[in-house]
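Participant: My structure is below; once you've seen it, I'll send some questions.
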Amino acid sequence: MSIQLAPIVGPEATSILIVLKAKLKNQLLYAEFTEQHDEEASPRAFTMQGTELVHSDLHHRFSYLVPHLCLLTEQLPETDDFWPEDEATELPEHFACFSVTGFSMGRGQAGVTLIGQRQLAGGKVLNLTSPYLALEDENTTYPYAGRLETAVLDAISEVEQALRGKCSEAGRQLDLFDAADPDQEPRLLQQDEAREYVPEVLAEPQPVKKRKANRIAK
């Protein structure tokens, strides 16, 4: 049985959220996080599978993790034109076949693991996972840890806003045509229940086979 947290997590909520893991798939957000009513309350762990298309700002923040994924997984060498000129621009063309699909935070959000993909020339997809990187480690060998930390915090901020209701206007418009159905609302599950949760998949309609009429012998 899922526990709805509408009074706690949502556009009107003021609770404290700590994002532990976030993933994008089919333009929908999956997130694991903890929630507290206030700083003195004990945190509770939850998992949410979103049902509304995420806002383009969230896609944008995920995309700015791509250069770090490419360096940490040694997919691309750093060149003079490697980094985008500023955060408002799209990524350079040499990142076109790469994407960051999610990230996982370490204890206390002190480090991060990036998860992504590379589209290969033959049409297949190479899954990529970066080594765990401690963001505040003074002895790190990654020279852009500070820049990565800023990009991760920006992505976390967008995830938190998505948990509070920020989504694509296209997703909101689609909701106008859907009948009110509690099963279609975002599901928020406590972590123990989340392990047993499997998203429902609608079976594709099967073609109706026409039956041949039996001929009646005269």
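The values are calculated or read from the model by the stated rules, or taken from the named source; none is laboratory data. Note that the coordinates shown come from a computational prediction; the quantities given were computed from them, not determined experimentally. Ideal geometry is used to build each Cβ from the backbone, glycine not excepted, and the neighbour counts take in all protein chains shown.
Participant: Please go through the range 111-126 and pick out each residue that is surrounded by fewer than 14 Cβ atoms within 10 Å (Cβ to Cβ) and either within 23 Å of residue 35 (Cα to Cα) or free of Cβ contacts under 8 Å to residues at least 12 places away in the same chain (or both).
Facilitator: Initially, the range 111-126 is screened for residues surrounded by fewer than 14 Cβ atoms within 10 Å (Cβ to Cβ), giving 119-126.
Matches in the range 111-126: 121, 122, 123, 124, 125, 126.
Participant: Can you tell me how many residues in the range 77-104 are part of a strand (DSSP E or B) and touching a Ser or Thr at 6+ places or on another chain (Cβ under 8 Å)? Outline the logic, then answer.
Facilitator: Pass one, the range 77-104, residues part of a strand (DSSP E or B): 98-104.
Subset that is touching a Ser or Thr at 6+ places or on another chain (Cβ under 8 Å): 99-100, 103-104.
Of the residues in the range 77-104, 4 are part of a strand (DSSP E or B) and touching a Ser or Thr at 6+ places or on another chain (Cβ under 8 Å).
Participant: Then there's this: In this structure, does residue 148 turn out to be over 20 Å from residue 32 (Cα atoms) and hydrophobic (A, V, I, L, M, F, W, C)?
Facilitator: Spelling it out, residue 148 is indeed over 20 Å from residue 32 (Cα atoms) and hydrophobic (A, V, I, L, M, F, W, C).
Participant: What pairs come up if the first residue lies in the range 30-52 and is without any contact (Cβ under 8 Å) to a residue 40 or more places away in the chain and at negative phi, the second is among the aromatic types (Phe, Trp, Tyr) and surrounded by 15 or more Cβ atoms within 10 Å (Cβ to Cβ), and their beta carbons are under 8 Å apart, counting only those six or more places apart or on different chains?
Facilitator: Partner pairs satisfying both residue conditions: 34/46; 35/46.
Participant: Additional query: Right, residue 90: modelled with pLDDT of 95 or more and surrounded by fewer than 15 Cβ atoms within 10 Å (Cβ to Cβ) or not?
Facilitator: Answer is no for this residue.
Participant: Can you pull out the residues in the range 29-76 that are part of a helix (DSSP H, G or I) and β-branched (Val, Ile, Thr)?
Facilitator: Residues of the range 29-76 that are part of a helix (DSSP H, G or I), as a first pass: 56-63, 66-72.
Answer for the range 29-76, where residues must be part of a helix (DSSP H, G or I) and β-branched (Val, Ile, Thr): just 66.
Participant: Every residue in the range 133-165 that is in a loop (DSSP other than H, G, I, E, B) and exposed (fewer than 14 other Cβ atoms within 10 Å of the Cβ), please.
Facilitator: Answer for the range 133-165, where residues must be in a loop (DSSP other than H, G, I, E, B) and exposed (fewer than 14 other Cβ atoms within 10 Å of the Cβ): 136, 137, 138, 139, 141, 143.
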